[in-house]
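Written below as structure tokens is the structure these notes are about.
Any read-out appearing in this document is the output of simple, stated calculations on the displayed coordinates, not a laboratory observation. Source: prediction; values computed, not measured. Cβ atoms come from the backbone with ideal geometry, glycine included; neighbour counts cover every protein chain shown.
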Amino acid sequence: MAKIGIVLATYNGEKYLPQMLDSLLAQTRPADFIVAVDDGSKDSTVSILESYKNKLPLQIVCMPEYR
């Protein structure tokens, strides 16, 4: 069976991120890997992602802030 990979681009997504991650948990065919790339969020986006690391095959990449 083919592997399923998901890439998420996040930036200040705390309002919708839990709903999206819960949806990924509820899939009948779970992803084999998920990579979340955060672009310097100022809210709790990264904390929310961290809280799902034990539930999903999730890797978090935090990009440096660009100025």
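Using the basic label-point model (7 angstrom from Cα toward the beta carbon), what is the SER44 to ASP32 distance in nanometres? Placing both labels 7 Å along Cα→Cβ, they lie 3.4 nm apart. When +1 charges are put on Lys and Arg Cβ atoms and -1 charges on Asp and Glu Cβ atoms, the dipole computed for the chain relative to its Cα centre reaches about 180 debye. Here's the list of lysines a cross-link from LYS3 could span, going by alpha-carbon distance under 20 Å and ignoring same-chain residues fewer than 8 apart: LYS53, LYS55. A crude spin-label estimate for the pair TYR16 and LYS53, with each label 7 Å from Cα along the Cβ direction, gives 2.5 nm. Secondary-structure-derived ellipticity at 222 nm for the chain, considering helices only, amounts to -6500 deg cm²/dmol, per-run term -39500 (n - 2.57) for DSSP H runs with n ≥ 4.
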